[in-house]
Amino acid sequence: QRQMCIRDRFEAESLSAAIGALTSQPVIQDVRGFIQFVAPPIAENGAVVPVGIKVDESLQVRAIALLCEKNPRPLAAYYELSPEAIPFIRTRIKMSETASVFALVKTDEGFIIADKLIKVTRGGCGG
């Protein structure tokens, strides 16, 4: 049952559907700077865009999701973290074109989200 739920999240075909598959709770914009992106402003190759997310350690982070708004399937990565883990992840994602990348963070208090525009000079999702 749990595996089916995770697969459904990755199969969502829009940003709003992907966020809706991750939570039915309200999502708050991170206006306090708890979420920091470690990513280049320009990616030369959309097939391998390095992205890192660091979340302020004062928050109890339970999960971090990376979403790319213009990809055919926006959810690019999903990590569940133990309460003892340092809230920092690094990965490489595919991006079809220049777009905002969103970090959706699940904490003990709820969900917060932040985004960063990454320019892509050569597409990675079939482009």
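The values are calculated or read from the model by the stated rules, or taken from the named source; none is laboratory data. Model, not experiment: these values are computed from the prediction. Please note: Cβ atoms are built from the backbone with ideal geometry, for glycine as well, and neighbour counts cover all protein chains shown.
List of remarks:
- Count of residues meeting criterion [assigned to a loop (DSSP other than H, G, I, E, B) and touching a strand residue (DSSP E or B) at 6+ places or on another chain (Cβ under 8 Å)] in segment 58-117: 16
- Being in a helix (DSSP H, G or I) and either under 14 Å from the mean Cα position of the chain (by Cα) or loosely packed, with under 12 Cβ neighbours inside 10 Å (or both) is a property that Gly20 has.
- Any hit, segment 71-80, residues being out of contact with any helix residue (DSSP H, G or I) (no Cβ under 7 Å at 6 or more places or on another chain) and farther than 20 Å from Asp8 by Cβ: no
- Among the residues of segment 23-40, those identified as under 16 Å from the mean Cα position of the chain (by Cα) and either at pLDDT below 95 or not acidic (Asp, Glu) (or both) are Thr23, Val27, Ile28, Gln29, Gly33, Phe34, Ile35, Gln36, Phe37, Val38, Ala39, Pro40.
- Only listed residue being in a loop (DSSP other than H, G, I, E, B), free of Cβ contacts under 8 Å to residues at least 40 places away in the same chain, of a type in the set (D, E, K, R) and surrounded by fewer than 14 Cβ atoms within 10 Å (Cβ to Cβ), chosen from Arg32, Arg7: Arg32
- Sole residue being of a type outside the set (D, E, K, R), over 14 Å from the mean Cα position of the chain (by Cα) and either over 20 Å from Arg32 (Cβ atoms) or crowded, with 17+ Cβ neighbours inside 10 Å (or both), chosen from Pro50, Pro87, Pro74, Pro83: Pro83
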